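Presented below is the structure to which this report refers.
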Amino acid sequence: MGKHTAKEWLIAVRPWSFPASAMPVIVSLGYLFTTYQDVNWVNGVWALLNIVVFHAAGNTWSDWFDYRKEVDKKDTFGAKTLTSGMFTPKEIMILSLSLLTVAVAAGIGLWLRTGMPLLYIGIGGALCSLLYPFLKFNALGDLVIFIAYALLPMLGTVYVGTETVDPNVLFLAVPVGSITVAILHCNNLRDIGTDRRAHIHTFAMKIGGRASVLIYCVEVLLPFVWLTACAISGVIPWWTMAAWGAFIPAMRNAGTCVRYLKDGASVISGLDEATAKLQMVFSFLLAAGLVISGILS
């Protein structure tokens with residue numbers, strides 16, 4: 001590989017997007033704290049670090065695939081690591097494979113420390129990552145992201161911490177996953193024009209700009225309604241209402257997305273990053289609420 005600075009390598013893996021993978025695990029750790037007495041916290045932290053590495057591998061793989069298929073060009077929004085010439089396609093491919101190797105090796109180690117259910121969860125996550133570019137281009141990216149960055153990691157984190165498959169954590173996967181999907185959705189909304197030029201078909205393209213704006217607003221606001229309904233019904237602690245502290249930035253993001261209808265794609269050029277920040281704030285508050293509930297119970 002060519003000579004690059006640490007900053008350039010950091011840019012290549014898109015660290016601003018890591019809340020999409022890290023926050024589901026952090027919320028799951030909060031759930032473990034408030035729900036279980038005997039938890040293997042080493043395995044929990046291991047899972048957190050591993051999913052971030054896996055996410056970095058997925059980001060670079062997606063960038064390489066998009067560039068190879070001429071989806072990403074100099075005039076497209078988003079990552080510029082290849083379109084600007086900062087890295088060569090070979091360098092990004094080697095980086096992606098190296099990160100994937102580390103993630104798979106660490107995943108195998110965690111599997112050997114726990115049991116077979118983690119293998120099935122890990123295989124599901126690996127398939128989602130490898131097939132994501134193809135599925136995204138066929139309007140299934142939103143569904144894959146919800147599975148890969150909400151359902152599977154939250155089930156997996158609880159399993160490695162307790163060696164128990166606990167479906168109740170999925171009550172928390174819905175709001176966390178909804179915001180994660182919103183990161184991708186606003187990205188695809190922004191890129192409708194350039195994606196159409198590349199002859200691919202994302203979910204945002206299928207339903208159109210106006211419907212996509214509505215879907216985005218639902219994705220970032222529904223989590224607050226969902227949490228409240230779950231707390232009222234008694235399936236999650238009332239302290240999870242701390243996540244309402246993220247409501248104002250969620251409304252701000254929704255307002256930015258609505259402006260797309262009048263001002264076009266440029267107005268939401270940074271909305272994916274803003275949504276990732278929303279995910280971080282929402283999930284930290286949610287996890288903090290779970291921890292407080294565990295301390296006070």
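No lab work stands behind these numbers, since they all come straight from the coordinates. Given the structure is predicted, the values throughout are model-derived calculations rather than measurements.
May I ask you to derive the relative contact order of the chain, considering only C-alpha pairs under 8 Å and at least 6 residues apart, and to give it as an integer percent?
On the way: 425 pairs, mean separation 72.7, N = 297.
Normalised by residue count, the contact order of the chain is 24 percent.
Just need the relative contact order of the stretch 1-69 here, percent rounded to a whole number, with Cα pairs under 8 Å and 6+ apart. All intermediate terms of the calculation are to be shown ahead of the outcome.
Working: 24 pairs, mean separation 31.6, N = 69.
Rounded, it is 46 percent for the stretch 1-69.
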Open item on the list: Through the Karplus equation 6.51 cos²θ - 1.76 cosθ + 1.60, θ set to phi - 60°, convert the phi angles of the stretch 193-206 into ³J(HN,Hα) values in whole Hz; use x for Gly and Pro.
Closed with: x, 6, 5, 5, 4, 8, 6, 10, 9, 8, 4, 4, 5, 4
- [ ] Could you check how many percent of all C-alpha pairs in the stretch 1-158 are farther apart than 25 Å?
- [x] 32 percent
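Scaled to the compact-protein estimate 2.2 N^0.38 Å, what is the alpha-carbon radius of gyration of the chain, rounded to two decimal places? Write out the running numbers ahead of the final one.
Values: Rg = 18.9 Å, N = 297, 2.2 N^0.38 = 19.1 Å.
For the chain, the normalised Cα radius of gyration comes out at 0.99.
Quick test of the membrane-span-like rule: which DSSP H helices of the chain reach at least 18 Å along their long axis (C-alpha atoms) with mean Kyte hydropathy at least 0.5? Don't jump to the answer; show the numbers that get you there.
Working: long enough: 19-35 (23 Å, 1.23); 41-68 (41 Å, 0.27); 89-113 (36 Å, 1.38); 116-136 (29 Å, 1.39); 170-190 (30 Å, 1.31); 209-233 (35 Å, 1.59); 271-296 (37 Å, 1.44).
Helices meeting the criterion: 19-35, 89-113, 116-136, 170-190, 209-233, 271-296.
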TODO: With N denoting the number of residues in the stretch 83-181, provide Rg(C-alpha) divided by 2.2 N^0.38 Å, to two decimal places.
DONE: 1.22
